Amino acid sequence: MKNRPLANKPFNYLPNYVTKKFKYYCHKAGLSKDIVLHSIRHTTTTILFEQHEHPLIIQNLIRYKDLKTTLNYTHTSPSFLKSAIDKTAEIVKDFIK
């Protein structure tokens, strides 16, 4: 049997293989050169957060040790911020009545 140093790992790819494929498909799709594979963590965290997934669930899925790290990776889109402002305005309006 061949010597397979990566045989015990879930994927038998060299470390740069996935990164190179990711960059290739980003380029092919016409996406920015600034996108890196690590961006997927930020995007996934943000999408789950904006879908109102519980932060502890996100922390577990993304495998962060600390909830603070999970929240640091969460970004908010302008539409998500506008929605929060609109909800707050409704609550304040009802409270003032």
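Quick note: the coordinates plus some simple rules give every number you see, no bench work behind them. Note that this is a predicted model, so its numbers are computed, not measured. Positions of Cβ are generated from backbone atoms using ideal geometry, with glycine treated the same way; all protein chains shown enter the neighbour counts.
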Per-residue Cβ neighbour rank within 10 angstrom, fewest leading, 32, 39: 32, 39
Cα-projected label distance for residue 24 with residue 54, points at 7 Å along beta-carbon direction, nm: 4.1
GluC sites (Glu not before Pro) within the range 32-97: DSSP coil, no more than 16 neighbouring Cβ in 10 Å: 53
(i) -0.63, -1.14; (ii) -0.47, -1.23; (iii) -0.57, -1.27, with the label sought being that of the calculated log10 I(q)/I(0) by the Debye sum over Cα atoms at q = 0.12, 0.23 Å⁻¹: (i)
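Can you show me the helix-derived [θ] at 222 nm for the chain, built from DSSP H runs with n ≥ 4 at -39,500 (n - 2.57) apiece and divided by the number of residues, rounded to the nearest 500.
-19000 deg cm²/dmol
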Where labels lie 7 Å past Cα in the beta-carbon direction, separation of residue 63 and residue 31 in nm: 2.0
Extended-chain gain in nm, criterion 0.36 nm per residue less alpha-carbon gap, residue 96 and residue 38: 16.3 nm
